[in-house]
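The values are calculated or read from the model by the stated rules, or taken from the named source; none is laboratory data. These numbers come from a predicted model, not from an experiment. Positions of Cβ are generated from backbone atoms using ideal geometry, with glycine treated the same way; all protein chains shown enter the neighbour counts. For the accessible areas, the whole protein counts, side chains as well, though only heavy atoms, and no ligand, DNA or RNA atoms are used. Shrake-Rupley method; radii C 1.70, N 1.55, O 1.52, S 1.80 Å.
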Amino acid sequence: MPHVNVRINRGATPKVASAFLAALTNAVHEEKGDAVAMICVTLQADEVLSFGNDAEAPCAVVDMTATAFNADITARLTRRFTEVLGDAFGIPAERMYVFFREMPPELRHMVGWNGRTFLELRPNIHAV
């Protein structure tokens, strides 16, 4: 159930946005192993963001929520997200934060997909 929400203080043409969404989806699939069909990526461009008290230079905030992470996966995803944001929008690695939020088992009833909650779909998921 990975959801990646990316906020940037730069604009994005439809072509660039589409390529970016595909690249981030592929990064999650390759590094975490989730099925592409279940990965949701959102891009919020032209946001009012400041990093280091500078709202003019490119910057980003990435939030990823999923059912399971471990330190190796978050490290690999951080590198990939940094690379993709740098390539697509020229955002330097030192001007972004990447946050990971794990959906604990006791809250998997709070997320639904395909007509059922994740607790119903995958009741025995633990961090990998």
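For region 3-16, state whether one or more residues are at pLDDT 95 or above, outside any strand (DSSP E or B) and within 15 Å of the chain's Cα centre (by Cα). Quick ask: steps written out before the conclusion?
Looking only at region 3-16, we keep the residues that are at pLDDT 95 or above, and these are 3-16.
Remaining after also requiring outside any strand (DSSP E or B): 9-16.
Right, trim to within 15 Å of the chain's Cα centre (by Cα) and you get none.
Scanning region 3-16, I find no residue that is at pLDDT 95 or above, outside any strand (DSSP E or B) and within 15 Å of the chain's Cα centre (by Cα), so the answer is no.
Of everything in region 69-83 that's open to solvent by 20 Å² or more (accessible area, probe 1.4 Å) and of a type in the set (V, I, T), which residue is farthest from F118 (Cα to Cα)? For region 69-83, the residue satisfying everything is T82.
If I ask for residues that are in contact with a strand residue (DSSP E or B) (Cβ under 6 Å, 6 or more places away or on another chain), open to solvent by 40 Å² or more (accessible area, probe 1.4 Å) and touching a residue at least 40 places away in the same chain (Cβ under 8 Å), which ones from region 43-68 would you list? Once the filter is applied, which keeps residues that are in contact with a strand residue (DSSP E or B) (Cβ under 6 Å, 6 or more places away or on another chain), open to solvent by 40 Å² or more (accessible area, probe 1.4 Å) and touching a residue at least 40 places away in the same chain (Cβ under 8 Å), region 43-68 yields only E47. Within region 96-121, the set of residues being open to solvent by 30 Å² or more (accessible area, probe 1.4 Å) and closer than 18 Å to L24 by Cβ comprises Y97, V98, F99, F100, R101. Only residues that are over 10 Å from F100 (Cα atoms) and assigned to a helix (DSSP H, G or I) were counted in region 59-89, giving 16.
On the basis of being in contact with a His (Cβ under 8 Å, 6 or more places away or on another chain), within 14 Å of M1 (Cβ to Cβ) and assigned to a helix (DSSP H, G or I), does L119 make the cut? Break it down into steps so the answer makes sense when it comes.
Numbers: in contact with a His (Cβ under 8 Å, 6 or more places away or on another chain): yes; within 14 Å of M1 (Cβ to Cβ): yes; assigned to a helix (DSSP H, G or I): yes.
Yes; evaluated as a whole, the condition is true for this residue.
Scanning region 62-106 for residues that are out of contact with any Phe, Trp or Tyr (no Cβ under 9 Å at 6 or more places or on another chain) and hydrophobic (A, V, I, L, M, F, W, C), we see that the one that is farthest from L43 (Cα to Cα) is A71.
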